1. Given 0.36 nm per residue, what is the gain on full extension from Val144 to Ala204 after removing their alpha carbon distance, in nm?
2. Equivalent-ellipsoid semi-axes (√(5λ), Cα gyration tensor) for segment 15-155, whole Å, largest first?
3. Over segment 275-533, average the accessible area per residue using a 1.4 Å probe and give it in Å², no decimals.
4. Measuring from label point to label point, each 7 Å out along Cα→Cβ, what is the Val188 to Trp559 span in nm?
5. Under a Cβ-Cβ cut-off of 13 Å, what is the net charge of the residues other than Leu123 that fall near it, where Lys and Arg count +1 and Asp and Glu count -1?
6. For Cα extents along the principal axes in Å, several values are listed as (i) 86, 73, 54; (ii) 73, 56, 49; (iii) 75, 62, 50; flag the one computed from this structure.
7. Determine the relative contact order of segment 275-533: mean sequence separation of Cα pairs under 8 Å and six or more apart, normalised by residue count, in whole percent.
8. Sort the following peptides by mean Cβ neighbour count (other Cβ atoms within 10 Å, averaged over residues), highest first: 139-149, 357-367.
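The values are calculated or read from the model by the stated rules, or taken from the named source; none is laboratory data. All values derive from a computational prediction rather than experimental measurement. Glycine gets a Cβ as well: all are built from the backbone with ideal geometry, and neighbour counts include every protein chain shown. When the accessible area is computed, the model is the full protein with side chains, heavy atoms only, and any ligands, DNA or RNA have been set aside. Shrake-Rupley method; radii C 1.70, N 1.55, O 1.52, S 1.80 Å.
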Amino acid sequence: MTTTPGGLLLVLAVLAPIVGMLIAFTLGGRNAQRIASVTIVIGLGIAIAIAAAWAQTGATVVYLLGGWSPPLGIALRADGLSVVMMLAVAVVILGIGVYARADFATPAGVPEARAPFVFWTLLLAIWGALNLVFVSGDLFTLYVALELLTFAAVPLVSLDGRAETLRAALRYVLYALLGSMFYLLGVVLVYGAYGTLDIGLLAARVHAEPATLAAAAFMTVGLLAKTALFPLHLWLPPAHAGAPPAASAVLSGLVIKGSWFLAVRLWFDVLPGVVTLASAQLLGVLGAAAILAGNVVALRQARLKLLVAYSTVAQIGYLFLMFPLAFDAGAAALERGGALAGGTLQAISHASAKAAMFMAAGLIYRAVGHDRIAELAGVGRALPLSVLTFALAGLALMGLPPSGAYAAKKLLLDAAEASGQWWWASVMDVGGLLTAAYVVLVLVHALRPATEPREARAHVSHRAQIAALALALCSLLLGFAALGPAPLDAMPKPSLDFGALASALLVLLGGAVLAAGLGLRLPPLPSRGVLTAPLAPVRRATVAVGATFVRVDAALRQWPVAGLALIVAAIGFGAALLA
C-alpha cells in the first residue's frame, strides 16, 4: 500500500478546520467568526479537490501517515462513500455558516461574546472531527474521531446557559459515553482476536467466532446509542429542540451522521461476512420502529422545534433500512449495491433538508417570539421565504420527485423488490405519509390568516432566509445529480410524469388525512354538521393512539429504561448474530 495522488488532501481536510479552530481560539473575539468564514471556504475547496482526485482514477485515495503501512502505521482512506459525505458536509457547513452570521455575530461595542466565540470554534471542531471519521482507516482512529465529535457537539446544546438545555446536554454526553464504552469494548475484543484494527486487514481476517460476534454486538449497539436510533433516543429530542437553531441544524443534519457512517463502515467493510440475516432484519425492525414512533410523536408536539426534533428520530430510521436490503441471502453477507447507495443518498438528502427545516423554524421563532404550532396563523404572510423553506424541506423528506430522498427511496424499493422483502417497501410508504402529515399540519397553521396583522418582533436576516432556502433546494433538487457522469448516472432519473405527480398528490392527501386524525392541534372546525359529527369517534380513537405513542416514548426516555434498553439491544444483537 502506498500514498496515492491527492492523498495529502485527506490530511488537509482534517487539519484545515482544526487549525482554523485553534487560530480562532487563540485570537478570540470578533476574529473567531472571520477565521471560521475563511476556513469554511478553504475546507469546501479541499473537499472539491478530493472529489476531483477520486473521480480521475475511480480508486480509493490513500495517505500513509509517516509513510508506514498498516499494521505498523495508520492509513487515511477516502472511497466514493467518504468523498460524497465530505462534499455534502462541506456544503451544509457553508449554508449553516451563512445562516449563523445573524444569530452568532459579536454585538457592536463588545470585544468578545461567549456564545459567538464558542459556536464558531466548535463548528470548526465538529467539521474536522467529521472529516476524520470519513477518512479514518482503522477502528481506533474512528473511535477517537467520534469522541472528538461528541465533545465538540455537546456544548452546542447549552449555548444559551438555561437550566433545561444544560440538563439536555448532560443527558446527551452521559448516554453518548455509555455508547462509547460499548463501542470501545468491542474494539478491545477485535484487537485481542486479530492483533490489528486496520479496516482493510480486518476485512480479510475476520470470521465468525465468539469474540467477533460479541464485539460486533457491543460496537453496533454503542453506535446506535450515539446515533439515537429508536428506542435508544433518550437524549435527542431535548438536545435538538433546546439548542439554538444553527446549533440544531449542525446536530441534526451533521453530527448524527458520524456514528451512522461508522456503523456503515463496520457492517459493510469489516463484518460483511459475519452479519447474519437475523441481525440485519433486527436493525431494519429498529429502523421501522423509529419511522413509525418518531413521526407519530412528532404529530403530537405543540412546539415546532420539538416536532422537527422528533422528525429526526423518524428520519434516522430510514438510514438503517438499507442494512436488511443489502443482505444477500445466497452469499450470506452484506453486499455493496443499490441499497447502500440509497442509504447514503438518504443521509445526504436528510442532512441538507433537516438543517434547512431547523433553520426555518429558528427564523419563525425569532420573528414571532415563540414556536407554538397552534399560534402560527399569519406567519405565511409575514415570513413567506421561511415557510417556503419549511415546505420544500418537507417535500424533500417525503421523498417526492425530484428530491434526493426520492432517488434514495427508489433505490431502496428496487432493492426490496429484488430481494423479495416487500415489508420494508410498506414501511417506507407509511413513513412518507406520516412525514407528509406533520408537514401539512404545520403549513395549515402557518398559512391561516391571522385575526390581527402579524408583525415581526425581531429583525429576520434576509441572508439567513436565503441560506436556509438554498439548503432546502439542494435537498429537493438532489435527484438531478442522476443526470451527471458515472457513478451518479446509475441513480434513478428524476421523473415528473403524470404517474409521479399523481403519486405525490396521493401522498399529500394521505398526509392531510393523517394530520386530521393524529395531529395535536388543528384549526377550529364547526362543532356540528353531518360531516363532522360521524368523524368525532374516529378522531377520538386516533388521538388516543397518538397519546399512547407519546406515553411510550416518555417511558423509553427515562434513564432506567434507556439503560436497560442498551443491555437488551446488545443481547438481542448477540443472539441475532448467532442465529
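1. On the way: separation 60, 0.36 × 60 = 21.60 nm, distance 2.36 nm.
Residue separation times 0.36 nm, minus the Cα-Cα distance, leaves 19.2 nm.
2. Values: eigenvalues 183, 54, 28 Å².
With the √(5λ) rule applied to segment 15-155, the semi-axes are 30, 16, 12 Å.
3. On the way: 10090 Å² over 259 residues.
Solvent-accessible surface per residue comes out at 39 Å².
4. The modelled label-to-label distance comes out at 2.4 nm.
5. On the way: positive: Arg101; negative: Asp103.
Within the 13 Å Cβ shell, the charges total 0.
6. (iii)
7. Working: 449 pairs, mean separation 63.3, N = 259.
Relative contact order comes out at 24 percent.
8. Numbers: 139-149: 21.3, 357-367: 27.7.
Packing order, densest peptide first, comes out as 357-367, 139-149.
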